[in-house]
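The numbers here are math on the coordinates, done by the rules we state, and not lab data. Fair warning: this is a prediction, and the values are worked out from it, not measured in the lab. Backbone-built Cβ (ideal geometry, glycine too); neighbour counts: all protein chains shown.
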Ligand SMILES: [Zn+2]
């Protein structure tokens, strides 16, 4: 079931409802399936069907005698029917599905005395974890929908989405406006979920002359190595809302926004990734996270992106970059760097995103 949960996490990462399945025979994994109807343009591409198809193809047989299917959610009538057709020996599911469950919640196709084949059913295995994964997904989607529609504050600007459409690689996550520290501003966050629990989380903070997409290559490499990667566009940058007044951009305020984001996303085992010479905010965030932070991973200074290369070239949008031209502004009476002990730090050095990711994982683990 843990493997099925990982498949479900992969489905969520692809924007699908997180349901995962694993097909096992004689203790061997024969096939896996992640829910994918949207991506495959296929209403039948439920996790179970994907796994059944793969298993039948691997075994060269449409009968799957002696196989057990593990799935994170109670099967629907379509999948239950397919399992009976496949003569599956046993199905084990996690959370019940009160809307379309066909193993007892709405109907029980496995208990029809008229049907020939008997597939044994066991429900409720890791039910809480399986259910929570679905709840988290739907809550996140509701929040993102609400945030995407959130009104713009009068003292802020919002770069039109069209400015980002031609960018390659695309850089698009979701919005949130629910953090109290945001005071109604809309924050853009790319969140690549880890394929398994207790993975390292890489929280990537761009420099004052850049935005989140700066991490596109490294984020993919760290995610491929098994980590969770979270990349906010700091307020004032990229797809996030941009207050017009420079005074908005205090280090302590940005730190508070990021600390609240970390709480809201339940981030743990966090390594903050930033650029060398620009780690004041990263250090402050690591301190705010306390024992949930593992340390810092520092990249060589990236090329400063000229304003006209950024997708927010007008003057109002320059408030953030201008405010931080000389580094993040400490609040009155606050020293940016000296207030906290230096966290455990690794310098990732020059090289490709893959090489930098490998060094980061070697140092902090995955
Ligand atoms: Zn189904």
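Things to note:
- Cα convex hull of region 72-197, projected area averaged across orientations, nm²: 11.6
- As a calculated quantity, the FRET efficiency between residue 26 and residue 301 at R0 = 45 Å, using C-beta atoms, amounts to about 0.25.
- In this calculation the C-beta distance from residue 114 to residue 136 is compared with R0 = 41 Å, giving a FRET efficiency of 0.55.
- Cα centroid separation - region 1-69 against region 262-303, whole Å: 36
- Remark on region 1-53: Rg and Dmax equal 10.5, 33 Å (Cα only).
- Square roots of five times the Cα gyration tensor eigenvalues for region 1-148, Å: 25, 17, 13
- Cα gyration tensor shape of region 240-308, rounded if a/c is under 1.5, else prolate or oblate by comparing a/b with b/c: oblate
- Sorting the segments 171-179, 71-79 by their mean number of nearby beta carbons within 10 angstrom, highest to lowest, gives 71-79, 171-179.
- Relative contact order %, the chain, counting alpha carbon pairs below 8 Å whose residues are six or more apart: 12
- Modelled FRET efficiency - R0 30 Å, residue 220 with residue 183, Cβ distances, 0.05 increments: 0.40
- Inter-site label distance for residue 125 and residue 346 at 7 Å from Cα along Cβ, in nm: 3.5
- Here the gap between residue 163 and residue 90, fully extended at 0.36 nm per residue and compared with their Cα-Cα distance, gives a gain of 21.1 nm.
- Cα radius of gyration and Dmax for region 62-128 (Å): 10.9, 33
- Mean projected area of the Cα convex hull of region 129-229, taken over all directions, amounts to 7.9 nm².
- Debye log10 I(q)/I(0) for the chain, one point scatterer per Cα, at q = 0.09, 0.11, 0.14 Å⁻¹: -0.59, -0.80, -1.09
- When the alpha carbon gyration tensor of region 216-258 is reduced to an equivalent ellipsoid, the three semi-axes, largest first, read 27, 12, 6 Å.
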